[in-house]
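Have a look at the structure below before the remarks.
Since every read-out is calculated from the coordinates, none of them should be taken as a lab result. The structure displayed is predicted, hence computed values, not measured ones. Using ideal geometry, Cβ is built from the backbone for each residue, glycine included, and neighbour counts are taken over all protein chains shown.
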Amino acid sequence: MSADRLKLSKTIAKKSLDGSINSRRLSMAVAEYVLSNNLIDDLESIIRDVSVYRLAEGVLDVKLYSAFPLDKNSLTGIKALIKSHFPETNKIIIDEITDKSLVGGVKIEFPTHVLDLSVKNKLNQLIRFTSKERI
């Protein structure tokens, strides 16, 4: 990991947490910097690094994928489950994304790992298992 990327990620994370700049302005400034410094290939890594830094500061950003929009009770239960695994967090921010290809279940992307409990994933595991058995 380059020191410049780490410094950039830390700066973005700090600015996103301290409220010194609104999120739209911060996003525009980051986009301009990334484009002008030809860092487009590093963008996913930068975003992950920002999330890891924010987690260290008590803010957990997760992406929650589901085949259909989840009701309030389901979201509350998922948030409670996440909080039980990350008790040091002060704030959990869930970005809900509907992905009909998942068929059912959920997939949760954390800053450092993914928990895939989707029907699509289970079906893919079954296909891989049965394919190996035929060989």
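With the contact rule set at Cα under 8 Å and sequence spacing of 6 or more, what percent relative contact order holds for the stretch 58-135?
That works out to 38 percent.
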Output the relative contact order of the chain, whole-number percent, from Cα pairs under 8 angstrom with separation of 6+ residues.
23
For L117, enumerate residues with amide H under 5 Å from its amide H, sequence gap 5+ or separate chain, H modeled in the peptide plane.
V106, K107, I108
Sum -39500 (n - 2.57) across every DSSP H segment of at least 4 residues in the chain, then divide by the residue count to get the 222 nm mean residue ellipticity, nearest 500.
-18000 deg cm²/dmol
Convert each backbone phi in the stretch 49-65 into a coupling constant with the Karplus relation 6.51 cos²θ - 1.76 cosθ + 1.60 (shift: θ = phi - 60°), then list the ³J(HN,Hα) values in order as whole Hz, x for Gly and Pro.
4, 4, 5, 5, 5, 4, 4, 4, 8, x, 10, 9, 9, 10, 9, 10, 9
So what are the ³J(HN,Hα) numbers for the stretch 102-108, from phi and the Karplus equation (6.51, -1.76, 1.60; θ = phi - 60°), rounded to whole Hz, Gly and Pro as x?
6, 6, x, x, 9, 10, 10
Given backbone amide H placed at 1.01 Å from N, residues whose amide H is under 5 Å from that of D99, ignoring those fewer than 5 places away on the same chain, are S66, A67, F68
For K72, the net charge from surrounding residues (Cβ-Cβ under 15 Å; K, R +1; D, E -1) works out to -1
Quarter of Cα convex hull surface for the chain, i.e. mean projection, nm²
11.1
Relative contact order, percent, of the stretch 1-57 when contacts are C-alpha pairs under 8 Å separated by at least 6 residues?
53
Could you name the lysines in cross-link range of K120, using Cα to Cα under 30 Å and dropping any fewer than eight places away on the same chain?
K63, K72, K79, K83, K91, K100, K107, K132
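Can you tell me the dipole magnitude for the stretch 1-110 around its Cα centre, using point charges on the Cβ only (Lys, Arg +1; Asp, Glu -1), in Debye to the nearest 20? Walk me through the numbers before you get to the answer.
Numbers: 16 positive and 15 negative charges, 61 e Å.
The calculation lands at about 300 debye.
Residues with beta-carbon under 9 Å from that of D49, excluding D49: net charge, scoring Lys, Arg +1 and Asp, Glu -1? Numbers along the way, then the final one.
Values: positive: R5, K10, R48; negative: none.
Neighbourhood net charge equals +3.
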Once phi is turned into ³J(HN,Hα) by the Karplus curve 6.51 cos²θ - 1.76 cosθ + 1.60 with θ = phi - 60°, what whole-Hz value does each residue of the stretch 120-129 show in order, with x for glycine and proline?
4, 5, 5, 5, 5, 4, 5, 4, 4, 5
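Taking every DSSP beta bridge with both residues inside the chain, roughly what % is antiparallel (nearest 5)?
On the way: 7 of 15 bridges.
So the antiparallel bridges in the chain amount to around 45 percent.
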